[in-house]
Amino acid sequence: MKMKMLCSALAGASLLLSACGGSDGSSASTPTKNVLFFLGDGMGITTMTAARIYSVGEDGELTMDKLPETAFVHTFSNDAQVTDSAPSMAAYMTGVKMNNEVISMTPETRATDASGKAYHNNYDSTCPSGNGQAVPTLLEQMKTAGYGTGVVSTARITHATPAATYSHVCHRDAENTIAAALVPGGAGYNSKLGDGVDVILGGGSYYFTPKADGGRRNDSRNLIAEFKTQKYSYAANKSEFDKLPVDGSKIAGLFTKDHMAYDLDRDATKEPSLAEMTGKAIDALAAKKKGFFLMVEGGRIDHALHATNARRALQDTVAFDDAIKAALDKMNKLDPGLKNTLVVVTADHDHTLHLNGYAARTGKTEAGKPGVLGLVKNYVDGKASTDVDGNPYTILGFGNGPKRLATRGPIDAASLESPDYLQEAVVPLASETHGGGDVFLGAQGMGADTFSGVIDNTAVFTLIKKSIGLQ
């Protein structure tokens, strides 16, 4: 009786009462700790640096710059020096190195058969017998332990990064199979998710709807309708998103057929921002009155970098940073001092973006002032620096990608302000590749001080579990 009175008295002080459990009458075994994992897809150190200058100038700070604990992370995969998103995110979520394009499977799992053909056919695939085993993910393990769970992304929710939290496939392209793993009650559902992931927000309705309805499913299933039968409140646009309940019930939102818009192009009346989705997810999970796991991906940073479109990449990095700030503000109100909350911010891999020359400081990018997106102007005299043929060049460039000039010439400074401007690449490729450099990790809150030095991406999984005492 005394404990019940004490719990009642303290209920307003914090969401997280380890001695009392939730206010919904749950037992003392109810989990009371939170993990928020932020993944900037392709957000290498150079991208972070350029985004900082773009947004707040050389002297400024992004929210992720202020995280008190930091580390560098190795990202190589089981079979490649330069990883793709599938095994790198899966390493964070499982603690296991796996081959490129494989999602949350054992190390020997092949993404291709003996002939070199990928294990996918019109987005449908199951791993052939004998080709590896599923590896439990952090989300699955926390769901089993009673935590609330959420997945948020500006990419398709079936894309490699979010998929690595809740599915197991031999090839990341099997997005119909990945989608089915997310919907309770149907064929292909991942039973390790119990009654389902509590919050699902992002893009990619293509893989949840049949071809007859403009989707890409070959089995004629409408998984969005199935979500609704499984007691999910569903949103397909911003106005419906605004009405999604935050009462602890399950919610899902797929706002575009494919990836969501780049932040620079986003129509705020049609698509929520990453910060808005993050805030909604936290409110919905906090209402469950127990600990939770939330993964938030800034997915389109990577896509803009593949296109060598620096401006959109930097703007999406800033939008990702805004989501981190929104989350920290909310969590500090729910759990003052983050005594029971761990926030981790990192990237899955690098890109080939680089900063050229000896440019004078530019300050942030503004109308008429391209800043870090502009030409290299020498710090001594402010004049445009030139190559061996006397032509100017931009501060930002790429090691490889689609814009490889046969002959370099003058650059129209005004064109640099266009959102469609593509930075020059050294090696001509149809699409820019990932880079193999280490990536930044920042952490704050409970157990954050265990992240330090230079670590492998597989170690992140272990450190997160340790911080919340998950066996």
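For the range 403-418, the set of residues classified as open to solvent by 50 Å² or more (accessible area, probe 1.4 Å) and in contact with a helix residue (DSSP H, G or I) (Cβ under 9 Å, 6 or more places away or on another chain) consists of GLU417 only. Scanning the range 298-341 for residues that are outside any helix (DSSP H, G or I) and on the phi < 0 side of the Ramachandran plot, we see that the one that is surrounded by the fewest Cβ atoms within 10 Å (Cβ to Cβ) is LYS339.
Under the condition of being open to solvent by less than 20 Å² (accessible area, probe 1.4 Å) and of a type in the set (A, V, I, L, M), the residues counted in the range 424-471 number 8. Hey, does the range 371-381 have a residue that's over 25 Å from GLY435 (Cβ atoms), part of a loop (DSSP other than H, G, I, E, B) and in contact with a Lys or Arg (Cβ under 9 Å, 6 or more places away or on another chain)? Within the range 371-381, one or more residues are over 25 Å from GLY435 (Cβ atoms), part of a loop (DSSP other than H, G, I, E, B) and in contact with a Lys or Arg (Cβ under 9 Å, 6 or more places away or on another chain). Residue pairs whose Cβ atoms lie under 6 Å apart, separated by 6 or more positions or on different chains, with the first residue in the range 387-398 and open to solvent by 10 Å² or more (accessible area, probe 1.4 Å) and the second among the polar types (S, T, N, Q) and outside any loop (DSSP other than H, G, I, E, B), are PRO392/THR386. With respect to being within 19 Å of THR109 (Cα to Cα), crowded, with 24+ Cβ neighbours inside 10 Å and among the β-branched types (Val, Ile, Thr), THR158 falls outside the description. With respect to being out of contact with any Ser or Thr (no Cβ under 9 Å at 6 or more places or on another chain), part of a helix (DSSP H, G or I) and among the basic types (Lys, Arg), LYS280 fits the description. Among the residues making up the range 261-275, those that are in contact (Cβ under 8 Å) with a residue 40 or more places away in the chain, open to solvent by 30 Å² or more (accessible area, probe 1.4 Å) and not hydrophobic (A, V, I, L, M, F, W, C) are TYR262, ASP263, ASP265. Taken together, the residues in the range 49-64 that are touching a residue at least 40 places away in the same chain (Cβ under 8 Å), in a helix (DSSP H, G or I) and not small (Gly, Ala, Ser) amount to 6. Has the range 138-148 got any residue that is over 22 Å from ILE200 (Cβ atoms), at pLDDT 95 or above and not hydroxyl-bearing (Ser, Thr, Tyr)? Taking every residue of the range 138-148 in turn, none turns out to be over 22 Å from ILE200 (Cβ atoms), at pLDDT 95 or above and not hydroxyl-bearing (Ser, Thr, Tyr). Listed by position, the helices (runs of 4 or more DSSP H) enclosed by the range 171-260 that each have at least 3 residues that are modelled with pLDDT of 95 or more and surrounded by 24 or more Cβ atoms within 10 Å (Cβ to Cβ) are 175-181. Of all residues in the range 456-471, those that are of a type in the set (Val, Ile, Thr) have Cβ atoms under 6 Å from Cβ atoms of residues that are assigned to a helix (DSSP H, G or I) and open to solvent by less than 30 Å² (accessible area, probe 1.4 Å), 6 or more apart or on another chain, in THR458/ALA91; VAL460/TYR92.
I'd like to check something: does the range 391-398 contain any residue that is closer than 20 Å to ARG311 by Cβ, under 25 Å from the mean Cα position of the chain (by Cα) and polar (S, T, N, Q)? Checking the range 391-398: not a single residue is closer than 20 Å to ARG311 by Cβ, under 25 Å from the mean Cα position of the chain (by Cα) and polar (S, T, N, Q).
When the range 98-122 is filtered for residues that are closer than 19 Å to ASN457 by Cα, surrounded by fewer than 20 Cβ atoms within 10 Å (Cβ to Cβ) and not polar (S, T, N, Q), the ones remaining, listed by number, are PRO107, GLU108.
For the range 345-370, the candidate set comprises residues that are among the aliphatic types (A, V, I, L, M) and part of a loop (DSSP other than H, G, I, E, B); within that set, the residue that is most open to solvent (accessible area, probe 1.4 Å) is ALA367. Taken across the range 127-147, residues that are loosely packed, with under 14 Cβ neighbours inside 10 Å and not polar (S, T, N, Q) do occur, with at least one present.
The values are calculated or read from the model by the stated rules, or taken from the named source; none is laboratory data. All figures in this text were calculated on a predicted structure; none of them were measured in a lab. Here the Cβ is made from the backbone with ideal geometry for all residues, glycine too, and neighbour counts use every protein chain on show. Note: areas computed on protein heavy atoms with side chains; ligands, DNA, RNA excluded. Shrake-Rupley method; radii C 1.70, N 1.55, O 1.52, S 1.80 Å.
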